[in-house]
There are 4 protein chains.
Amino acid sequence: MKAMYLKEPGTIVEKDIPKPDINEEGLLVEIKQVGVCGSDIEYYETGKIGEFVVEEPLILGHESAGVVADVGEKVENFETGDKVALEPGIPCRKCKHCKEGKYNLCPNVNFMATPPIDGTFTEYFAQPADFAYRLPDSISLEEGALMEPLSVGIHAARRGNVDLGDSVAVLGAGPIGLVTMQSAFAAGASKVIITDIVDFRLEKAKDLGATDAINVQKDDLKDLYGEFDKVLQTAGTSDTYEEAMHLVDRGGKVVQVGTPSADELNIDPNEPITREFDILGAFRYANTYQDAINLVHSDTISLKPLISKTFPLEETEEALIYSSENPEKSIKTMVEIS
Amino acid sequence: MKAMYLKEPGTIVEKDIPKPDINEEGLLVEIKQVGVCGSDIEYYETGKIGEFVVEEPLILGHESAGVVADVGEKVENFETGDKVALEPGIPCRKCKHCKEGKYNLCPNVNFMATPPIDGTFTEYFAQPADFAYRLPDSISLEEGALMEPLSVGIHAARRGNVDLGDSVAVLGAGPIGLVTMQSAFAAGASKVIITDIVDFRLEKAKDLGATDAINVQKDDLKDLYGEFDKVLQTAGTSDTYEEAMHLVDRGGKVVQVGTPSADELNIDPNEPITREFDILGAFRYANTYQDAINLVHSDTISLKPLISKTFPLEETEEALIYSSENPEKSIKTMVEIS
Amino acid sequence: MKAMYLKEPGTIVEKDIPKPDINEEGLLVEIKQVGVCGSDIEYYETGKIGEFVVEEPLILGHESAGVVADVGEKVENFETGDKVALEPGIPCRKCKHCKEGKYNLCPNVNFMATPPIDGTFTEYFAQPADFAYRLPDSISLEEGALMEPLSVGIHAARRGNVDLGDSVAVLGAGPIGLVTMQSAFAAGASKVIITDIVDFRLEKAKDLGATDAINVQKDDLKDLYGEFDKVLQTAGTSDTYEEAMHLVDRGGKVVQVGTPSADELNIDPNEPITREFDILGAFRYANTYQDAINLVHSDTISLKPLISKTFPLEETEEALIYSSENPEKSIKTMVEIS
Amino acid sequence: MKAMYLKEPGTIVEKDIPKPDINEEGLLVEIKQVGVCGSDIEYYETGKIGEFVVEEPLILGHESAGVVADVGEKVENFETGDKVALEPGIPCRKCKHCKEGKYNLCPNVNFMATPPIDGTFTEYFAQPADFAYRLPDSISLEEGALMEPLSVGIHAARRGNVDLGDSVAVLGAGPIGLVTMQSAFAAGASKVIITDIVDFRLEKAKDLGATDAINVQKDDLKDLYGEFDKVLQTAGTSDTYEEAMHLVDRGGKVVQVGTPSADELNIDPNEPITREFDILGAFRYANTYQDAINLVHSDTISLKPLISKTFPLEETEEALIYSSENPEKSIKTMVEIS
């Protein structure tokens, strides 16, 4: 089968490799749709993210859906031909965090497209059956692939305990910002204001239901809307990380999702104390996939409008470059395997 | 001013009384719309509910909205002409429950239309300003009055901690059932199945977005849909109280809202233990009014479709009788004061 | 090796069987101490508990500690000679409940001494390493075995969210009642009143720190102490199940731990609603073992005083009979394997 | 009556003023014991704390207990001669935060000894009855005064959700650190390591039960003990504020109690995200006083060992100076009014 390898920063090569074997609790999945994530781009461009360095050729891609091609002996509930979304992180199931249900914190997780674990820019993938989720007829494979970013949004809304009638600010209107905004509405927020510096993204946010969408190069969110019950930061810049703390009401919650590239940041240490708010990190997600599928199935959350352009598997490198270079006209770029 | 008094069971009389005085932290509110609640009907028909007995003539009505007619000296943020919804229970503000934010549990609460505290089937009412909530232009006075039952629904959804992607059963499709269903959706449920024995109510539930609406005289909910993450019982019958416990998944939550008239009930004591679920009583509400207004303002929740028929103040007795006698064609009956 | 089998109700027989094999993630544990639990006695006397029926000879015993005799290839952190406590329920690790951290609700759990899964009245046992917990030098093997009932108490206190300064009633002063009382104190309760009908147990409770210990055949708890923030029912009778609901303060929590033998029970359905309290089932435990060890190690909780009498493995049947017949002079009976 | 006024930074003067009047819901309290707090010292030395500036002569002191000298007409449950602890912050009871039970966040609170509200370095004080708490015979007036700092510790432990079996680091072993340490143990921690740079305070911490007490000028806490489930920072320095974030385990909670004097601080913004922990501000307390009294009454928490030296009212200035100048031999300095 074909697989697209990151050979070195800036170079994707196609290789022919054997189909993976599956064990008795696994599924062989014919991959059909894979979303391009910012982390794929960062590995492609620089070969590393934080402590993770690509030292051997690596298959990128971790937002994926496909069709079941083979089923392990002990697997129930799946059969050949089922459409499935794949959760990319397989935890150890044995550490304290796994047993407590916070398997996103498992230090021994195998996460697709995080070196040295391969991802899904390829034709077939072996997946433990309990991290595959059947898609109903109402949901396309494209949407299935995007259960991954939606999971980030759901997890952010849960970390912030978004509640009925809350006012919420979402900082950043990229793919994660847009699904976080929708997750905040789905969780009960009656007002969600989203910010960005790219008008295209703000327009998309309005189309998807934002109460208002503010270009922070032109307007000041706090001047316009005051403080918020919850602030969900998805932009990954130092400015938004700090700004989140100024925007939250006393007793509120700030959820930090996007990681700034800066190693350090100046904050006012007294703010969280005298206004007694929470600053809550959010790392990936746990226990979100089935809920994500349910919410798309019930038309509570829309994923199709996020998709801007689709490339074939052979053009994975073009997809990465396109996604990187076109923030002003692209939300989510897909790779399709036919 | 005119006021409609329950003189004795089955008899409402009109009296002319002086307008109430307001204190420095109060508002004088010209009452415009009052919803008829099941408790009003029960007092009208029997003169009592549980330990509460009507011993002196009592003004019924506690789902109310109106227009500010006068403002106490120390009141900020309100002015004459403001449309307001009135929260009917004024707690003591000093007991442990009040201080802990569960003021619905205050043993010293003064609650409209609960003897000996008068309600709002009258022209003017004196209300502490902090239990009045301004209505935006987008919300009518009729809807404002219905923030009260909506508050019950919001409180039920919060007690059940309804979360993103949950499956929920709402038992009973009367006014409380319909707002509870909408609150469950607003809180993140992706599937809400509602039950009743009156087809008219089930149709209304479908119009308001129920995933499905089941007549339990014809079909068995568990056979059709299995178990639910959360079950919210609003029907107030012994059968539904028990059924709620059979319908909930292990680890789930049952919220009991409707009080059966029976003094005792047979339950299987082992069920909540071996399936480790929660049975959670819900009594009135606290800290819901502003959120209710926000959710109607954002079009997340619809109250207008609940209103079936409106009577003038002078026909309060007819409104009570109509509401009692027409469950098969009425959801919420209103009294309008002009 | 020797193993003590329940052949039929009322008959334990000794058999010689091969030592179990371990897999690469397992430990072979030389069992040293096993506590006799009420469920062992019930299986011994009747051959079944609820839906679980002993159809093949079964080794009872699930409160156990021992010494590591062999270590699977992939196991880190353990070596031969380590003292370990064994958590008796091995969940599937793959279902929704396992992934959410509530593995006590796993429908596919393998739980020691629950047919058809054998327990630990035997010389050696193969245990997955991540369900074995190393005991520090300060903790004896006897105490290690009793981490199992202590886990039930810790789980009950957690379900009740026992908080700093709470008043708590614990109904029942058997082994589970006594560890629940200690767990409630450890979680912050400043007053824990315990009840029973056996004075010996109440004396033991006082020795272990009960604020007061009430014989409910002589005195009425509510008359003496009013209502409680939390009520933890461990007695497993219909009376205490109901009484728990009368004893709890509005807004409080009742935790039902003990399962009455009755199939149904009369309750007042309105109580939980008008006083808005929670009734919370507690089934076994999850994520408690390491915490239990920590709390015994820090001398916060005492297990040794619970141990009344010890029998050798060959006298397992005598141990079961002694424990059953001597509630008035026995708390916990142990079986020792030498 | 006598009252000790801060006239200007560095100058306390005695004045004779009339006894305060009480309203119908108030108590007149003869003040007997007042603890000296760091904020009293800061106002004494600099005339301001953050935005709060002493512009008129101000009576300092807010950790106080006394004896009821007169009782308002509507007050039940108190009588002349009762010993009471006084909660120093009287909230508005009407804002969103008050109604939600987080009255420590009330923007309109009147807090003793925070300009322009006078405190209790005086002979009599008028207090709303519901913010006075009766002391049982077992608790002295000195201890009663210290329910205030203990409340800070209880609130910190609650913010951190300290749970059964947790490992906790408390940074800072001053009065707040010592009560926070005890609150963490009371809430279930099985290991509490405390740090400071003053050996006298560390010795006191050991006497009060610290698992270990580390002088961070000599030893590195993380090297010695690794990471903690919860870290409670009470030292109020930039270093400890940052260090708290390095010490917490993934998924854990950092509670920031002490406010550094620095206006800004360098942190690594990625830490809270990739290890997904919470940073939780803690500001004063709410709903702690009765629980604090309960926990001292049950001997769970000891306050007497905190008291280092007592001065008469006339020597309030000496008490402030002594407390400021003797961190190496003083924990809590008291002012006694006879």
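The values are calculated or read from the model by the stated rules, or taken from the named source; none is laboratory data. Quantities reported herein were computed from a predicted structural model and do not represent experimental measurements. Positions of Cβ are backbone-derived with ideal geometry, glycine not excepted, and every protein chain shown enters the neighbour counts. Heads up: the accessible areas ignore ligands, DNA and RNA and are worked out on the full protein's heavy atoms, side chains in. Shrake-Rupley method; radii C 1.70, N 1.55, O 1.52, S 1.80 Å.
Some notes on this structure:
- Over 27 Å between alpha carbons, listed pairs B:99/D:15; B:99/C:191; D:304/D:329; A:15/A:304; D:48/D:332: B:99/D:15; A:15/A:304
- Considering only C:224, C:295, C:202, the Gaussian network model of chain C with Cα springs below 10 Å gives its largest mean-square fluctuation to C:224.
- Among beta bridges that DSSP assigns inside the protein assembly as shown, antiparallel share in %, nearest 5: 60 percent
- Label sites at residue A:268 and residue A:110, each approximated as a point 7 angstrom past Cα along Cα to Cβ, lie 4.9 nm apart.
- The H on the amide N of residue B:162, modeled in the peptide plane, is under 5 Å from the matching H of no residue at least 5 residues off or on a different chain.
- Protein accessible area in region B:229-338, 1.4 Å probe - carbon and sulfur %: 41 percent
- Tensor-based shape of region A:1-109 (alpha-carbon gyration tensor, a/c under 1.5 rounded, otherwise prolate or oblate): oblate
- Using the Cβ-Cβ distance between residue A:92 and residue D:212 with R0 set to 35 Å, the FRET efficiency works out to roughly 0.70.
- Cβ-vector label at 7 Å, residue D:23, separations to other copies in nm: 0.8, 7.1, 7.1
- For region C:89-108, a reduction of at least 50 Å² in accessible area between the chain on its own and the assembled protein chains (probe 1.4 Å) is found at C:93, C:94, C:99, C:105.
- Rounded if a/c under 1.5, otherwise prolate or oblate - region B:90-206, Cα gyration tensor axes: prolate
- Relative contact order %, chain A, counting alpha carbon pairs below 8 Å whose residues are six or more apart: 18 percent
- Residue among D:61, D:174, D:50 with the largest mean-square fluctuation in a Gaussian network model of chain D, springs linking Cα atoms under 10 Å: D:50
- C-alpha center-to-center spacing [region A:220-284, region B:240-301] in angstrom: 35 Å
- 10 Å Cβ neighbours from other chains, averaged over peptide D:275-287: 6
- Calculated accessible area for chain B comes out at 37 Å² per residue, all protein chains present (probe 1.4 Å; ligands, DNA, RNA ignored).
- Chain D residue nearest the rotation axis toward B, with distance: D:101, 1 (Cβ to axis, whole Å).
- Reciprocal of mean inverse Cα separation for chain A (Kirkwood radius, Å): 20.4 Å
- In the context of the full protein assembly, residue C:220 retains an accessible surface of approximately 70 Å², using a probe radius of 1.4 Å and ignoring ligands and nucleic acids.
- Other copies of residue C:46: label-to-label distances in nm, shortest first, labels 7 Å along the beta-carbon direction: 3.9, 6.5, 7.0
- Assigned charges on the beta-carbon of Lys, Arg, Asp, Glu; region A:35-175 dipole about Cα centre (debye): 700 debye
- Over region C:154-281, Cα pairs under 8 Å with separation of 6+ residues give a relative contact order of 24 percent.
- Residue D:239 accessible area, assembled protein chains, probe 1.4 Å, Å²: 120 Å²
- The antiparallel fraction among DSSP beta bridges confined to region C:100-222 stands at about 10%.
- Along the axis of the charge dipole computed for chain C (Cβ charges of +1 for Lys and Arg, -1 for Asp and Glu, origin at the Cα centre), the listed residues C:95, C:266, C:240 are led at the positive end by C:95.
- Interchain or long-range residues, amide H under 5 Å from residue A:232's placed H: A:169, A:170, A:171, A:255
- Accessible surface ranking that places the most exposed of D:1, A:112 first, with a 1.4 angstrom probe: D:1, A:112
- Among complete DSSP H helices in chain D, those whose alpha-carbon atoms stretch at least 15 Å along the helix's long axis and whose mean Kyte-Doolittle hydropathy reaches 0.0 are D:175-186.
- Shape call, region B:56-102: gyration tensor on alpha carbons, a/c limit 1.5: oblate
- Per residue, the protein assembly as shown reaches -7000 deg cm²/dmol at 222 nm when only DSSP H runs of four or more residues are counted, each adding -39500 (n - 2.57).
- Rounded to 5, the percent of DSSP beta bridges in chain A classed as antiparallel: 60 percent
- For region C:154-281, alpha-carbon Rg over 2.2 N^0.38 Å: 0.94
- Reported to the nearest whole Å, the Cα centre-to-centre distance from region B:116-175 to region C:47-76 is 54.
- Extents of the protein assembly as shown, largest first, come to 87, 65, 64 Å (Cα atoms, principal axes, whole angstrom).
- Total accessible area lost when C and D pair, probe 1.4 Å, Å² to nearest 100: 1200 Å²
- Cα-projected label distance for residue D:16 with residue A:138, points at 7 Å along beta-carbon direction, nm: 8.3 nm
- Note on residue D:261 and residue A:199: their simple-model spin labels are 5.0 nm apart, each label 7 Å out from Cα toward Cβ.
- For the residues D:155, C:297, a 1.4 Å probe over the protein chains yields an accessible-area ranking, largest first, of C:297, D:155.
- A label point on residue B:227, set 7 Å along the Cα-to-Cβ line, lies at 3.1, 3.4, 4.3 nm from each of its counterparts in the other copies, closest listed first.
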